[in-house]
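Structure first, then comments.
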Amino acid sequence: MIKRMLTFLLTLLAGLNVLGGEVEDALQKVNAPPGEFVRMPTTYIFQRLEREAQNSGIPILGSFAIQARVDGVDTRKISISFENMNMLEALNAVAVSTGTVLGFDGTIAFLGDDSMVEVATVNVVEEPEEEEDDGKGVQFSDVDAALVFVETGVGRGSAFVAEQDGKTYLFSNQHNFMGATQLELLSMHGGPVKFDRFEFSRTRDLVRFELNLKKNKQLGVLNLAEKPPYIGQEIAIYGNSAGGNVATELRGEVLGVGPYDIEVDADIVSGNSGSPILDFEGRVLGVATYVAFGLKFDKEDERKQIFRGTRFGKTRRYGVRIPDDGWVKVDMRAFLNQTYLIADTRNILQIMHILVEYWNGDEDYEASARQILSSYSSRSDRVSAPYEFHFPKTEEEIRLMVKAFNRNYQEFVGLVRNEDFDKKELAKISNPKSLVSTSKLQSLDYHIRTTMLGKAKKVHDDLAGYRWMSDYLKESAEPLDEMASELVRSLESEKNLGQRIKAVM
């Protein structure tokens, strides 16, 4: 500590020895950029200081620049705060943090060693080339340590580390963890990310994991933007595009802003879910979340003309803004169980739909139905099931349902083929007023239909009475409710027995 103080005093004295010029005087009137810079490359901090000086309105600073004349200083990552400092104090603080000495050369401030500063007080023989600002703002090297890849066994996504309310969190989307069979959070610099608590947003498709940086020393930390996003704002997105397990850079701008969401034109795709949407300075504006596909209308729909030639008829990309409140702490297993319920219910309804359409004689479902009947009616390891279930009890219920359906269906087929109906008899059976006796077939047909109807109604009722943890999970379950309702309507309607008989002849 004493050594650092002596270094600071020597640095300050070395800086004062070369003062007296207009540039140095002007820097004492210009404030440094506000805020704390956490593990930022020094070159990025240089850019911030240069822009702050050049935009100050003081003419002498119009061509002001900062250079590192000691190898490796400009890429070194440091943590620093410029709170209540003027520009000269900020420059001295950077010198102390990087272990260098501040010197001046005309309109250039530079970081060097003691010998360089002494030469600079006399004369600078050769002026090094001035580093140019590429104007791209935040760079990959500024944020790479805060990026995390998500692997769940059923998909890949993105996440990032940021500070909120004085704590450090890993942020991502809820949908990245739907039906997860494993959980691997891998930091960009290698090593698993260890988290303490899991939280989800009640109102938005977001989750966050509370982190202890002492257990995750390889991680960097991003800051959330203090100001809301605005239309036309430049942005950069870094994440696991297309689940390729390599970080990619996407640039663009903000196209629209809402209370929950922001629309961007950066080409986010699957795998980018959970990526940070960053402003020009590297602060987090939101989380890349979803893509809305282009609107489709019937040929006669007048709305088609309204959207023709506009960007609103094309694919649109959105991010979710991070809320301050509405976060719920819960055991992650409880959250995952609700995602498992959604996945298993979807599988149940799809299996029932395929079997019912097959029973109704739709040839398009024959191959899928035969695969279901052969796989779930057998317990052989050689037979691969087309649907996987998270809950063993649910899978056992499906096996029993499929076996019962298969038994009844085979009996139905046997009766039809034994009867050997001709066309006239089929025509009479197809007539609702027919008096032709088909009591066994009608009874079996009724049994198959009512059994499936009862199961479809139970699924529908269970969905209607279930309490979902978050709005996102509730929205994810709504299509399932519609699937169940459609299945119930189909089974309740009067179906043509003659058509089903003809399909199995």
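Just so it is clear, none of the values below were taken in a lab; they were calculated from the coordinates. Just so it is clear, the model here is predicted, and its values are computed rather than measured. Heads up, the Cβs are rebuilt from the backbone with ideal geometry, glycines too, and the neighbour counts pull from every protein chain shown.
A few comments on the model shown:
- Around the Cα centre of region 184-250, unit charges on the Cβ atoms of Lys, Arg, Asp and Glu (plus for the first two, minus for the last two) sum to a dipole of about 320 debye.
- Ranking of Phe110, Phe307 by count of other Cβ atoms within 10 Å, fewest first: Phe307, Phe110
- For Lys403, the aspartates and glutamates whose Cα comes closer than 15 Å to its Cα, not counting residues fewer than 8 places off in the same chain, are Glu395, Glu411.
- Within the straight-line cut-off of under 16 Å between alpha carbons, the aspartates and glutamates reachable from Lys474 are Asp205, Asp344, Asp461, Asp462, Glu482, sequence neighbours fewer than 8 places apart in one chain being disregarded.
- In this structure the amide hydrogen of Ser275, modeled in the peptide plane, comes within under 5 Å of the amide hydrogens of Ser158, Ala288, none closer than 5 places in sequence on its chain.
- One Cα centroid belongs to region 438-485, the other to region 41-60; the line between them spans 64 Å.
- Bridgeable aspartates and glutamates around Lys458 (alpha carbons under 12 Å apart, same-chain partners fewer than 8 residues away excluded): Asp481.
- What separates the Cα centres of region 177-211 and region 325-404 is a distance of 27 Å.
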